[in-house]
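Notes follow the structure.
The values are calculated or read from the model by the stated rules, or taken from the named source; none is laboratory data. For clarity, every value in this text was computed on a predicted model and none was experimentally measured. For neighbour counting, all protein chains shown are included, and Cβ atoms are generated from backbone atoms with ideal geometry for every residue, glycine included. Ligands, DNA and RNA are excluded from the accessible area calculation, which covers all protein heavy atoms including side chains. Shrake-Rupley method; radii C 1.70, N 1.55, O 1.52, S 1.80 Å.
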Amino acid sequence: MDPSEAIPDRWSFRVGPMKGLTEADVRKGWDEIARWWVSRYSAKGDVNREWVIDPALLRMLGDVRGLRILDAGCGTGYLARILATRGARVDGVDVSAKQLDAAIAEEARNPLGIEFHRGNLAHLSRFRDGTFDVAVSNIVLQDVLRLRVAVREIHRVLRAGGRFVFSITHPAFEAPVPGRWVIEPADSERIEDRRGMLVDRYFDRPAVYWGPPGKPLAVGFHRPLRDYFEALSAAGFLVSRYEEPLPLREALRRFPRYFRDMVRLPNFLIVEAVKASRERASRAGGEAARAGR
């Protein structure tokens, strides 16, 4: 139990229509929270990436020595640096110039040969077809406005047989859509007082504005899982692995309050998809269409 009697400030959330939003709106939100976002990060990312997401993500990526990797939505560049220290040749792309400022500054201080580019994942024209062996996108796709176009572009810049490994917030249990914790007493922010999660309106596709207390709001998008898998299939990917990562045991020992919920419900999921040959992708698409009849 937390002995503190202080009541934590609540994060701000609001939900609105996705229609009418532009890439500029998304970029503006990330630029406006960039200073706060960068302040949360170490060389291992934030607490969720370090103790929950990245151990599983890096295990799925495996040995990256000599591989050319696209960090799609690289943000501060911390993951690009981890991959580069493991022997990969990395290009990072992010929509936020202010996020990239931190990545570029760290690369200048401690060069690892990483190239960082400002760009939109739905428009990767700076890269030729088949440029990369692997694309990785870590908690990014839920914040991408044109999801199908972005996945298609990532498919294009991968070589045949290349892998796309990505993590997202779990769309079945996101707050405030579709999930809401039932808390007793209702005004508590203590994790110990969360009795369970009420899930509703899962198939809605709203824009979700979020931010810490007193900060501008960034925008992301709730989509049901089928939207991600349909985007992969339409682009020509075949899904090869799927994981809902749990906190490391050391995390549960060191930070039991913070990670307790993550052994009850999955906060994140990780997917590996492979760029299949045209013949194989076409055959798989036909089988999927027949199964859906």
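For the condition open to solvent by 40 Å² or more (accessible area, probe 1.4 Å) and assigned to a helix (DSSP H, G or I), residue 180 does not qualify. Contact annotation: residue pairs with Cβ atoms under 6 Å, 6 or more positions apart or on different chains, pairing a residue in region 168-196 that is free of Cβ contacts under 8 Å to residues at least 12 places away in the same chain with a partner that is acidic (Asp, Glu) and part of a helix (DSSP H, G or I), are 184/193. Checking each residue in region 220-234 for being open to solvent by less than 40 Å² (accessible area, probe 1.4 Å) and either over 20 Å from residue 269 (Cα atoms) or of a type in the set (Lys, Arg) (or both) picks out only 223.
Among the residues of region 127-149, those identified as farther than 27 Å from residue 43 by Cβ and of a type outside the set (Val, Ile, Thr) are 128, 129, 130, 145, 146, 147, 148.
Considering only residues of region 118-131 that are part of a loop (DSSP other than H, G, I, E, B) and among the polar types (S, T, N, Q), which is nearest to residue 36 (Cα to Cα)? The selected residue is 125. Cβ-Cβ distances below 6 Å connect the following pairs, each with a first residue in region 10-23 that is part of a loop (DSSP other than H, G, I, E, B), a second residue that is of a type in the set (A, V, I, L, M) and modelled with pLDDT of 95 or more, and a separation of six or more residues or different chains: 18/207; 21/207.
If you take the residues in region 156-169 that are open to solvent by less than 10 Å² (accessible area, probe 1.4 Å) and closer than 26 Å to residue 204 by Cβ, which one is farthest from the chain's Cα centre (by Cα)? Of everything passing the filter in region 156-169, 166 is farthest from the chain's Cα centre (by Cα). One residue is enough: does region 183-198 have a residue meeting the conditions surrounded by fewer than 18 Cβ atoms within 10 Å (Cβ to Cβ) and touching a Ser or Thr at 6+ places or on another chain (Cβ under 8 Å)? No, because not a single residue in region 183-198 is surrounded by fewer than 18 Cβ atoms within 10 Å (Cβ to Cβ) and touching a Ser or Thr at 6+ places or on another chain (Cβ under 8 Å). Inside region 130-141, residues that are open to solvent by less than 10 Å² (accessible area, probe 1.4 Å) and not hydroxyl-bearing (Ser, Thr, Tyr) make up a count of 5. In region 202-237, of all residues being part of a strand (DSSP E or B) and more than 19 Å from residue 152 (Cβ to Cβ), the one that is nearest to the chain's Cα centre (by Cα) corresponds to 220.
On the basis of being more than 22 Å from residue 269 (Cβ to Cβ) and not basic (Lys, Arg), does residue 66 make the cut? Against the criterion (more than 22 Å from residue 269 (Cβ to Cβ) and not basic (Lys, Arg)), residue 66 qualifies. Give the residues of region 238-260 that are in a strand (DSSP E or B) and either of a type outside the set (S, T, N, Q) or more than 30 Å from residue 160 (Cβ to Cβ) (or both), sorted by residue number. Matches in region 238-260: 238, 239, 241, 242, 243. Checking the stated criteria, residue 156 turns out not to satisfy the condition of being at pLDDT 95 or above, touching a helix residue (DSSP H, G or I) at 6+ places or on another chain (Cβ under 7 Å) and not in a strand (DSSP E or B).
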